[in-house]
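The values are calculated or read from the model by the stated rules, or taken from the named source; none is laboratory data. All values reported here derive from a predicted model rather than from experimental measurement. Backbone-built Cβ (ideal geometry, glycine too); neighbour counts: all protein chains shown. Side chains are part of the model used for accessible areas, which takes the heavy atoms of the whole protein and leaves out ligands, DNA and RNA. Shrake-Rupley method; radii C 1.70, N 1.55, O 1.52, S 1.80 Å.
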Amino acid sequence: MAGITLEQAEAKLQTWMEAEEKIASGQGYSIGDRRLTRADLYTVRGEIEYWNNKVKELEAAEQSRRNRMYRFVPRDI
């Protein structure tokens, strides 16, 4: 199983950052006797931190794969 890719983690991070922006522009509103409250800002910031760390982790893993150096010693048999 391949797991989550860097692109997927970046997309999730972007989604949560957009959610934070929407919450910051207005936590809730009322129309008549109905009220809508957006998600908890504390929870959204926790998700942003999680996905940001996941992106950094995947970038580091990708970087270490790219910079891996191999040394071969030819031998006569």
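Anything in segment 6-51 that is of a type in the set (S, T, N, Q), more than 8 Å from the chain's Cα centre (by Cα) and in a helix (DSSP H, G or I)? List them, or say none. Please lay out each step first, then the result.
Going residue by residue through segment 6-51, those that are of a type in the set (S, T, N, Q) are 8, 14-15, 25, 27, 30, 37, 43.
Subset that is more than 8 Å from the chain's Cα centre (by Cα): 15, 25, 27, 30, 37, 43.
If the condition is that a residue be of a type in the set (S, T, N, Q), more than 8 Å from the chain's Cα centre (by Cα) and in a helix (DSSP H, G or I), then 15, 25, 43 are the ones that fit.
Restricting attention to segment 19-50, the residues that are more than 26 Å from residue 62 (Cα to Cα) and either open to solvent by 90 Å² or more (accessible area, probe 1.4 Å) or touching a helix residue (DSSP H, G or I) at 6+ places or on another chain (Cβ under 6 Å) (or both) add up to 15.
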